[in-house]
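Student: Got a structure for you, questions after.
The values are calculated or read from the model by the stated rules, or taken from the named source; none is laboratory data. Quick caveat: nothing in here was measured; it's all calculated off a predicted structure. Heads up, the Cβs are rebuilt from the backbone with ideal geometry, glycines too, and the neighbour counts pull from every protein chain shown.
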Amino acid sequence: MKVIKLIEVKEKKIQVDIFVPLEACACIYEHFINSAFEVLMEYMDHVNFETKSLNSAEAQKLNLKQNSIVINGEKILTSSFALKKELLQLLK
């Protein structure tokens, strides 16, 4: 009798955190966040993302002073163009 083992391979997803001033009017960060979401939609199978406050303790710990995108808690980006470039590199 043969036993067939099925192994589920779970791809580790890239964590993307988008930091914007959530306490402010959305008109201040709307373009930035929409541009980031446009890029993320192409990679939804490979990323998990969260929107976080630029005024949070986490943002202060990362020394963020402007709208930012943080990849895997380490790499700090300030544009959707840089996000797309970084995701392409990470997913090679």
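Student: Would you confirm whether any residue within region 67-76 is assigned to a loop (DSSP other than H, G, I, E, B), on the phi > 0 side of the Ramachandran plot and of a type outside the set (A, V, I, L, M)?
Tutor: Yes, the conditions are met somewhere in region 67-76.
Student: Please list, ordered by first then second residue, the pairs with beta carbon atoms under 6 Å, 6 or more apart or interchain, first in region 33-59 and aliphatic (A, V, I, L, M), second at pLDDT below 95.
Tutor: Listed pairs, sorted by first residue: V47/K13.
Student: Let me ask something else. Do we have I18 as among the β-branched types (V, I, T) and either at pLDDT below 95 or part of a helix (DSSP H, G or I) (or both) here?
Tutor: Here the answer is no, as I18 does not meet what is asked.
Student: Would you point out which residue out of L64, L87, L54 is more than 14 Å from N34 (Cα to Cα), buried (at least 17 other Cβ atoms within 10 Å of the Cβ) and in contact with a Pro (Cβ under 7 Å, 6 or more places away or on another chain)?
Tutor: Just a single option satisfies the conditions, and that option is L54.
Student: Would you point out the residue of region 41-51, among those that are touching a strand residue (DSSP E or B) at 6+ places or on another chain (Cβ under 7 Å) and surrounded by fewer than 13 Cβ atoms within 10 Å (Cβ to Cβ), that is nearest to I18 (Cα to Cα)?
Tutor: E50
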